[in-house]
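Report on the structure given below.
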Amino acid sequence: MIFIVGSSRSGTTMMGDVLGRNARVFTFQELHFFEQLWTPGDAGPLAEDEQVSLAARLLCVQREGYLTHGSASAYDREARDLLAQPTSVDSVLPDALRVYHVVLAYETARRGAQRPCEQTPRNVLYLREILDHFPEAQVVNMVRDPRDVLLSQKGKWRRRYLGHPDTPLSETVRARINYHPYTVSKLWRASVAAARAFEDHPRVCTVRYEDL
C-alpha cells in the first residue's frame, strides 16, 4: 500500500497521478477515511450492517467523488457481497480498518493493479496509525513552500471553472469564503510538524514539491 500525505495544495494529487502511471498502481480518490470515518484508538467490533455501511460509503466516495455526496446506500449490495468473500487480510485488524483494507484491495484488483495508492493529504496526521496497522505500507510525504501553498489555496475556488466542472457550486463558495492566510498557514505548520516526527522512519519518504 502507498499513502501520499502532506499539507493540502502540496502536490499530493500530482504525485498520485505520477505513481498511478505505473500499471501495477491504482491511485484512489481522496477517501478521508482516517479523518472522518474512523476514530483512532477505536478497536471495537462493528456489527455486520455497520461494516456494510462503511464499505458502501468508501465505494461511493471512490466511484462518485468525495465532494458529490452521493447515495452510499446504492452500494450496499456490492459492499455486502464484497465483505462476504474470504480475504487474506490480517484478522487482528480492528473491524473498521479491515473493511477499509478490503475495499482498497477490491477496487485495486478491479482495475487490474496490485498496489493501492491513497492520496488523502490529511492522512499525514495519522501516520502513527497507518504505520502501526499496515506494516507493509509506504508513505510519500509531500512538502511545498508555504507561500506557494497559500497562493494555490487562495485560488482553489476557481477549480470549477478550470477543468473541473463537476465541482459542486457549494464547494466553490465554501472554498472562496473559508480561505484565510492565517488558517492555511497553521494547517501547513501542523502537517509539516506531524510528518517531521517520522522523517527518519524507513517507510516514509519526504519529497519537496519544488524538486519534483
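Filter the helices (runs of 4 or more DSSP H) completely within the stretch 126-209 down to those with at least 1 residues that are farther than 20 Å from Leu31 by Cα and charged (D, E, K, R).
By residue number, 146-154, 169-178, 181-196.
With respect to Glu118, determine if the residue is buried (at least 16 other Cβ atoms within 10 Å of the Cβ), within 18 Å of the chain's Cα centre (by Cα) and modelled with pLDDT under 95.
It is false that Glu118 is buried (at least 16 other Cβ atoms within 10 Å of the Cβ), within 18 Å of the chain's Cα centre (by Cα) and modelled with pLDDT under 95.
Could you look through the stretch 1-25, keep only residues that are hydrophobic (A, V, I, L, M, F, W, C) and either open to solvent by less than 60 Å² (accessible area, probe 1.4 Å) or at pLDDT below 95 (or both), and pick out the one that is nearest to Ala105 (Cα to Cα)?
For the stretch 1-25, the residue satisfying everything is Met1.
Hey, can you tell me all the residues within the stretch 58-68 that are farther than 16 Å from Glu35 by Cα and open to solvent by 60 Å² or more (accessible area, probe 1.4 Å)?
Residues satisfying the conditions are Arg63, Glu64, Thr68.
Is it the case, given these coordinates, that Val140 is crowded, with 18+ Cβ neighbours inside 10 Å, touching a Cys at 6+ places or on another chain (Cβ under 6 Å) and not small (Gly, Ala, Ser)?
So Val140 fits the description; yes.
Just give me the residues in the stretch 26-57 being open to solvent by less than 20 Å² (accessible area, probe 1.4 Å) and of a type in the set (Val, Ile, Thr), in sequence order.
Hit for the stretch 26-57 is Val52, nothing else.
Hey, does the stretch 35-45 have a residue that's charged (D, E, K, R) and either at pLDDT 95 or above or under 22 Å from Asn141 (Cα atoms) (or both)?
Filtering the stretch 35-45 down to residues charged (D, E, K, R) leaves 35, 42.
In the following step, the residues that additionally are either at pLDDT 95 or above or under 22 Å from Asn141 (Cα atoms) (or both) were identified as 35.
Looking for residues that are charged (D, E, K, R) and either at pLDDT 95 or above or under 22 Å from Asn141 (Cα atoms) (or both), one finds at least one in the stretch 35-45, hence yes.
The values are calculated or read from the model by the stated rules, or taken from the named source; none is laboratory data. It should be emphasised that the depicted structure is a prediction, and the values quoted were computed from it without experimental measurement. Positions of Cβ are generated from backbone atoms using ideal geometry, with glycine treated the same way; all protein chains shown enter the neighbour counts. Note: accessible area is taken over every heavy atom of the protein model, side chains too, but ligands, DNA and RNA are not part of it. Shrake-Rupley method; radii C 1.70, N 1.55, O 1.52, S 1.80 Å.
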